[in-house]
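Notes to accompany the following structure.
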Amino acid sequence: MAFKEEQEVTATEAPAETVDEAVEAVDDASTAGVLESPDDIDLADRMKAGRQQIITEVRKLIIGQTEVIEQMLLSLFVGGNSLLLGVPGLAKTMLIHTIAEVLDLKFARIQFTPDVMPSDITGTDIIQENADTGRRSMVFAPGPIFANIVLADEINRTPPKTQSALLEAMQEHRVTVQGTTYVLEEPFYVFATQNPIELEGTYPLPEAQLDRFMFKIIMDHLAEDEEMEVVRTTTGIQAPKFKHTITGKDLIAFQKLVRQVPVPDAAMRYAVSLVRMTRPSENGKSPEFVNKWIAFGASVRAAQYLILGAKARALTKGRYNVSFEDIRALAHPVLRHRILTNFHAESEGVTTGQLVDQLLEAVPTPKSGL
């Protein structure tokens, strides 16, 4: 795979102190525009049709999990990374691999264990001898991160030092090795998996890394009829042939199109208000349940992903503007891993899912007909 070198660039993020500043930060991040040209409209129609085509192909191997597939596709259309949480045997790995095959993208799986080192992910410089001259030189050998879709399997089974090797790739789409920065080929996604029941010998993901996952997607057991279908199909001969109707270039075009979808100020302010409501305040302005059960709330990145996800969802529904329902539909996958509960919530069995439900009730949608 070809890769390019790039000069190191640093960026800083300033916290948004007011709703107006937060709205402006989200607006800048989403690069809101307007779908005006016929080419944009045609591309939007292609994106809607492409979503259905991808689902049709994925269904050749994957039964059920409709909401999970929907959220993964939104992540692809936005250009975000996602974390999948589910017990063993739910086909998390198969789903990610199948999507990569359907899209004809380079796929790499990294099985995280306690002995995996950062260089096992990013690659490293090795000494190589020139067969003609006999001279030795340092040559970069790229690691599995140099793929389009990277599966970080059981990401919490490796120490934080190794987990951090993904941070730059997830945020900047590049890796730095021995002072040299290599740009990753687009499109680039990281899909990580976690097992919620085996916690011995695991390392919780740093909050900074969790915040870089657009969605935390929950995979649950299938309904009985769907499970019957899984057993029936997987115990027979399987040799599906996928049609590659959507390519990596299409995904890059979709990502640019998503950022052109207009967002009404009322919808953007609603997303920002939802996120700001998650933060406890010392002056008592936050709702009682927030101050009682939440230790730390979501960052402005949550509002950015709410808006970007809502834009992509609107396009896949055949609409060219964002509604309140688009934002509400994505509140759980965007916020559930960004809300840190305190001891009181853990002792009383209060989950982040329940807190998001209360947030949606506490923040009313403006009556503007969106």
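Values as computed for the structure displayed
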| read-out | value |
| --- | --- |
| Length released on extending from residue 351 to residue 137, taking residue separation times 0.36 nm less the Cα-Cα span | 71.6 nm |
| Helix-derived mean residue ellipticity, 222 nm - over the chain, DSSP H n ≥ 4, -39500 (n - 2.57), to 500 | -12500 deg cm²/dmol |
| Those lysines that a straight Cα-Cα span of less than 27 Å connects to residue 285, excepting residues fewer than 8 apart in one chain | 367 |
| Residues 270, 203, 182, sorted so that the one with the fewest Cβ neighbours within 10 Å comes first | 203, 182, 270 |
| Segments 236-246, 153-163 sorted - mean Cβ within 10 Å per residue, highest first | 153-163, 236-246 |
| Residues residue 200 and residue 66, FRET efficiency given R0 of 25 Å [Cβ-Cβ distance, rounded to 0.05] | 0.15 |
| Residues 250, 132, 225, 220, sorted so that the one with the fewest Cβ neighbours within 10 Å comes first | 132, 225, 220, 250 |
| Cα-based helix-to-principal-axis angle, 352-362 vs the chain, degrees rounded to 10 | 40 degrees |
| Highest average packing first - 298-306, 45-53, 79-87, Cβ atoms within 10 Å | 298-306, 79-87, 45-53 |
| Among 185, 325, 129, residue whose mean-square fluctuation peaks in a GNM of the chain (springs only between Cα atoms under 10 Å) | 129 |
| Which labelled figure in (i) 181; (ii) 192; (iii) 166 is volume of the Cα convex hull per residue in Å³, once derived from the coordinates | (i) |
| Rg [Å, one decimal], Dmax [Å, integer] - the stretch 36-253, C-alpha atoms | 19.3, 66 |
| Amide proton proximity set for residue 84, modelled H, under 5 Å, gap of 5+ | 192, 193, 194, 217 |
| Difference of contour (0.36 nm per residue) and Cα-Cα distance, residue 125 to residue 164 | 12.1 nm |
| Distance between the stretch 209-275 and the stretch 300-346 - C-alpha centres, whole angstrom | 13 Å |
| Ascending count of other beta-carbon atoms within 10 Å, so fewest first, for 221, 337, 173 | 221, 173, 337 |
| Fraction of beta bridges assigned by DSSP in the stretch 36-253 that are antiparallel (%, nearest 5) | 40 percent |
| Entries of 92/256; 48/92; 48/106 with Cα pairs more than 26 Å apart | 92/256 |
| Contour minus Cα-Cα distance for residue 325 and residue 252 (0.36 nm per residue) | 23.7 nm |
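Throughout, read-outs are computed from the coordinates displayed, never taken from laboratory work. The structure presented is a predicted model; accordingly, all values stated were derived computationally and were not measured. All Cβ positions, glycine included, derive from the backbone under ideal geometry; neighbour counts span all protein chains shown.
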